[in-house]
Amino acid sequence: MANSSTSASAAALRAPRINEILAREHPDAHCALHFESPLELLVATILSAQTTDERVNQVTPELFAAYPSAADYARAERAEVERILRPLGFYRSKAGYLLGLGEALCAHHDGEVPADLDALVALPGVGRKTALVVLGNAFGIPGLPVDTHVGRVARRLGLTAAKSPLRVEKDLTALISADEWTMFSHRLIFHGRRVCRARSPRCAECAVASLCPTAETAEAK
């Protein structure tokens, strides 16, 4: 059995190749949330918790039209925000986050979304994953958000054995160059949705199967 250092060395060799192949297989990989500004992306990402990007994209056109600035959220009527968010899960708590977000942005950042990780995670409703999504996609600052798809696919590919998103993030960022972090996250998400599905992974159709220890195990059975 290979020791941990040998496994890490093998992962370091395979990860860039996996990234290259996934870039070819999923050239359309991108942030699935619709946005035109850092504020819109921040709001949409907060709303995406416990629901799908598609459903978020259904409600954000009305939301963004009604509340185009942080100040608009700060003075919004909570009942009206809840009405717009009602199709989403946990819409009441999410409405509270948006009102608090508007107030915090106006009070501490002149109504602008800060391009800083620590400042972002200090905002209502914003965790590390949300902050990294905003940094990478709105500001071009390298970050590797870890959602359920990223964690699952990375573990199957033998790039990490960790379960916690933070540990997975640290393992992956050690294997991939910083300028590829954001896109590698998108590629893993697209691959997880299209091929490496949670319940029925399509190993026979997977372009990185030859680099995947899980696929090798499946074939041996």
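The values are calculated or read from the model by the stated rules, or taken from the named source; none is laboratory data. Bear in mind the structure is a predicted one, so any value in this text is a computation, not a measurement. Cβ: placed from backbone, ideal geometry, glycine included. Neighbour counts: every protein chain shown. Calculation scope for accessible area: heavy atoms of the full protein, side chains included, ligands and nucleic acids excluded. Shrake-Rupley method; radii C 1.70, N 1.55, O 1.52, S 1.80 Å.
Screening residue 78 against (1) surrounded by 13 or more Cβ atoms within 10 Å (Cβ to Cβ); (2) free of Cβ contacts under 8 Å to residues at least 40 places away in the same chain leaves a single unmet condition, (1). Pairs meeting the criteria (first residue in segment 11-25 and free of Cβ contacts under 8 Å to residues at least 12 places away in the same chain, second residue among the hydroxyl-bearing types (Ser, Thr, Tyr) and surrounded by 13 or more Cβ atoms within 10 Å (Cβ to Cβ), beta carbons under 9 Å, at least 6 apart or on different chains) are lacking.
Among residues belonging to segment 156-202 that are aliphatic (A, V, I, L, M) and farther than 14 Å from residue 11 by Cα, point out the one that is least open to solvent (accessible area, probe 1.4 Å). Reasoning before the result, please.
Step one: list which residues in segment 156-202 are aliphatic (A, V, I, L, M), which gives 157, 159, 161-162, 166, 168, 172, 174-176, 178, 183, 188-189, 195, 198.
Narrowing the set further to residues that are farther than 14 Å from residue 11 by Cα leaves 166, 178, 183, 188-189, 195, 198.
Numbers: 166: 81, 178: 44, 183: 63, 188: 0, 189: 28, 195: 21, 198: 62 Å².
Filtering segment 156-202 for residues that are aliphatic (A, V, I, L, M) and farther than 14 Å from residue 11 by Cα, the one least open to solvent (accessible area, probe 1.4 Å) comes out as 188.
When residues in segment 84-139 are screened for being in contact (Cβ under 8 Å) with a residue 24 or more places away in the chain and open to solvent by 60 Å² or more (accessible area, probe 1.4 Å), 8 of them pass. Screening residue 142 on (1) surrounded by 21 or more Cβ atoms within 10 Å (Cβ to Cβ); (2) touching a Ser or Thr at 6+ places or on another chain (Cβ under 9 Å) shows it passes everything except condition (1). For segment 187-211, the set of residues classified as over 26 Å from residue 133 (Cα atoms) and part of a helix (DSSP H, G or I) consists of 203, 204, 205, 209, 210, 211, listed by residue number.
Being of a type in the set (Val, Ile, Thr), part of a helix (DSSP H, G or I) and over 20 Å from residue 106 (Cα atoms) is the filter here, so list the residues in segment 13-72 that pass it.
First, the residues of segment 13-72 that are of a type in the set (Val, Ile, Thr): 18, 21, 43, 45-46, 51-52, 56, 59-60.
Right, trim to part of a helix (DSSP H, G or I) and you get 18, 21, 43, 45-46, 56, 59-60.
Hits for segment 13-72 are 18, 21, 56, 59, 60.
When residues in segment 18-38 are screened for being more than 22 Å from residue 54 (Cα to Cα) and open to solvent by 100 Å² or more (accessible area, probe 1.4 Å), 1 of them pass.
The conditions of being aliphatic (A, V, I, L, M), modelled with pLDDT of 95 or more, open to solvent by 60 Å² or more (accessible area, probe 1.4 Å) and more than 25 Å from residue 179 (Cβ to Cβ) are not met by residue 70. For segment 124-178, a tally of residues being among the hydroxyl-bearing types (Ser, Thr, Tyr), closer than 24 Å to residue 202 by Cβ and in a helix (DSSP H, G or I) returns 1. Scanning segment 144-180 for residues that are hydrophobic (A, V, I, L, M, F, W, C) and within 15 Å of residue 19 (Cα to Cα) turns up 144, 150, 153, 154, 157, 159, 172, 174, 175, 176, 178.
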